[in-house]
Amino acid sequence: MTTRETTPASINFHFDPACPLAWRTALWMREVREVRPVDVTWRFFSLEVVNRKEGVTPDFQKDGSWAAHRTLALARRQGGNTAVERLYLALGAAQHGRRESIRDVAIIQAAAKQADLDPGIVEAALADESTIQDVLADHEEAVSRYRAFGVPTIAIEGSDVGSMGQLSGMYRAEKTLERCGTTFTGRCTSPIYMS
């Protein structure tokens with residue numbers, strides 16, 4: 001193996017937990033990690049912000065996926081990146097697997113419990129206004145740095161170029177872990193993504 005193949009690629013993966021394509025791509029990225037040296041940092045992106053009509057004041061508890069996003073933000077503060085990943089996977093399984101609405105606080109609490117987090121994290125996140133700013137900060141960085149307008153937005157750390165959605169169909173298309181890794185290596189580590 002070359003140094004490039006053994007040095008982990010650090011990926012910023014911006015997602016909205018309400019997006020099924022982002023969730024599928026996250027599952028694919030987790031499989032890539034099994035066969036390629038990849039460090040994934042899970043970052044937020046709000047589709048509600050992108051689609052908000054001008055002049056509308058958002059409800060940061062009930063609109064879009066705000067309750068889930070804010071809970072993810074507090075999970076990151078309390079348990080780091082691994083807590084975000086566990087909770088995101090549990091929220092995705094609820095929303096996209098079982099078709100349960102992650103707008104429902106009880107569903108988010110059940111996902112928190114499944115992710116080995118205290119279900120009280122949901123109420124704590126919704127009571128903490130700074131969790132809104134945590135989500136918006138990640139969102140605004142994706143927009144300004146990568147020119148993101150949707151999810152998933154995936155970027156190699158240190159790059160100002162993000163890839164939005166080009167990898168979304170890969171999870172179902174790749175039949176083996178090695179093919180997942182080969183696709184990742186070919187698409188995400190090419191010079192265009194490294195500039």
Residues of the range 33-82 satisfying the condition of being within 12 Å of the chain's Cα centre (by Cα) and of a type in the set (Phe, Trp, Tyr)
Trp42, Phe44, Phe45
Within the range 52-105, how many residues turn out to be touching a Phe, Trp or Tyr at 6+ places or on another chain (Cβ under 6 Å), of a type in the set (A, V, I, L, M, F, W, C) and either farther than 13 Å from Ala125 by Cα or not in a helix (DSSP H, G or I) (or both)?
2
Might you check whether a residue that is polar (S, T, N, Q), modelled with pLDDT of 95 or more and under 22 Å from Trp28 (Cβ atoms) occurs anywhere in the range 99-109?
no
With respect to Glu85, is the statement that it is surrounded by 16 or more Cβ atoms within 10 Å (Cβ to Cβ) and without any contact (Cβ under 8 Å) to a residue 24 or more places away in the chain true?
no
Could you list, in sequence order, the residues of the range 90-115 that are surrounded by fewer than 19 Cβ atoms within 10 Å (Cβ to Cβ) and in contact with a Leu (Cβ under 9 Å, 6 or more places away or on another chain)?
Val105, Gln114
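Of the residues Ala112, Ala68, Ala106, Ala90, which single one is hydrophobic (A, V, I, L, M, F, W, C) and free of Cβ contacts under 8 Å to residues at least 24 places away in the same chain?
Ala106
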Residues of the range 84-129 satisfying the condition of being hydroxyl-bearing (Ser, Thr, Tyr) and either under 25 Å from Ala155 (Cβ atoms) or within 16 Å of the chain's Cα centre (by Cα) (or both)
Tyr88
In the range 31-51, the residues that are touching a residue at least 12 places away in the same chain (Cβ under 8 Å), of a type outside the set (A, V, I, L, M, F, W, C), farther than 18 Å from Val143 by Cβ and assigned to a helix (DSSP H, G or I)
Glu31, Glu34
Scan Ala22, Ala68, Ala90 and give me the residue that is small (Gly, Ala, Ser) and out of contact with any Pro (no Cβ under 7 Å at 6 or more places or on another chain).
Ala90
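Going by the structure shown, is Gln78 of a type in the set (S, T, N, Q), touching a helix residue (DSSP H, G or I) at 6+ places or on another chain (Cβ under 6 Å) and surrounded by fewer than 17 Cβ atoms within 10 Å (Cβ to Cβ)?
no
The values are calculated or read from the model by the stated rules, or taken from the named source; none is laboratory data. Just so it is clear, the model here is predicted, and its values are computed rather than measured. As a convention, Cβ positions derive from the backbone with ideal geometry for all residues, glycine included, and neighbour counts pool all protein chains shown.
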